[in-house]
1. Straight-line reach from residue 59: which lysines have a Cα under 16 Å away, not including same-chain ones fewer than 8 places off?
2. Enter the accessible area of residue 43 (Å², nearest 10), with the probe set to 1.4 Å and all protein chains included.
3. What percent antiparallel are the DSSP beta bridges of the chain, to the nearest 5?
4. Within 14 Å, Cβ to Cβ, of residue 184, how many net charges do the neighbouring residues add up to if Lys/Arg are +1 and Asp/Glu are -1?
5. Quick one: helix 139-157 against the long Cα principal axis of the chain, what's the angle to the nearest 10°, folded into 0 to 90?
6. Using helices alone, I'd like the mean residue ellipticity at 222 nm for the chain: each DSSP H run of four-plus residues gives -39500 (n - 2.57), total over residue count, nearest 500.
7. If you roll a 1.4 angstrom probe over the protein chains with everything in place, what fraction of the accessible area of the chain belongs to carbon and sulfur, to the nearest %?
8. If R0 is 41 Å, what FRET efficiency do you get for residue 212 and residue 157 from their C-beta distance, rounded to 0.05?
Amino acid sequence: MRYENPLYLAEEAASLDLIADGRVALGISRGSPEPAEQGWKAFGYQAEAPNGADMARSKFELLLAAVASGGVATSAPLDEQYPRMYKPGIALPVFPQSPDLRRHIWWGSGTNKTAEQAARDGVNLMSSTLVSEADGSSLGELQAEQISHYCAAWKQAGHDWTPRVSVSRSIFPLVSDRDRQLFGLQATSSDEVGYLDGGNATFGRTYAAEPDVLIEQLKADPAIAAADTLMLTIPNTLGVEANLAVLRNFAEQVAPALGWVPSTEGPVEGYAIG
């Protein structure tokens, strides 16, 4: 959000959601650490916090207000030479509007605190392959705790719909010699802890094994069990063919054992691949 114009983003997202018949899933976050020092300044934005978190927060609030048909400008005074579509002083929203767009927004959370805020904001929760916390617990344990905080805060907020919760993993089923050649050496045995954006962070392991081994490993992950959506991070630099093979292998060889049922009729219960 630090580099985005929230009103323009609201217009783009609503347009796409209407074109896609309500199938947009819009993932948003403050943004990851970057090589540029406060690079958002080059785009004309200012922030008080060194990492721009305050500015990202205010932009996200404006985005949610715009998505909810809130007025973001005021209609101009009457002018006899230029007839107006609206009476003067009326609050004007951005256009177009997609009524259910807010339910298609996901906030990328890295901590329990931001997970709780996402619940209060009334948006879905998205947790990536790293979290900005480290206490010796595994990534799955930390994310499961975040999900618990999110669900409790959601219930307390009293929203009238059921949100979705996703976690991301780097997973490579090895079903061919080519798979073993490309991904066989990428497997890591455990998560890692590092320093990121001024604090400790936990980075998720990479899974690369035969399907039966992956199934047992993923079933033991508490965050995958607590979430309703599992998203795969894939190496897009390898090209479409290689990435399609990763997704196909997972969908056919691993996902059914985790409870995923393919469907051509929209969202399904269980695990989705994104």
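The values are calculated or read from the model by the stated rules, or taken from the named source; none is laboratory data. All values reported here derive from a predicted model rather than from experimental measurement. Cβ: placed from backbone, ideal geometry, glycine included. Neighbour counts: every protein chain shown. Surface accessibility is based on the protein's heavy atoms, side chains included, excluding ligands, DNA and RNA. Shrake-Rupley method; radii C 1.70, N 1.55, O 1.52, S 1.80 Å.
1. Cross-link targets: 41.
2. Taking all protein chains as shown, residue 43 has close to 130 Å².
3. 35 percent
4. Computed value for this residue: -1.
5. 40 degrees
6. Helix-only estimate at 222 nm: -10500 deg cm²/dmol.
7. On the chain, the fraction of accessible area on carbon and sulfur atoms equals 53 percent.
8. 0.50
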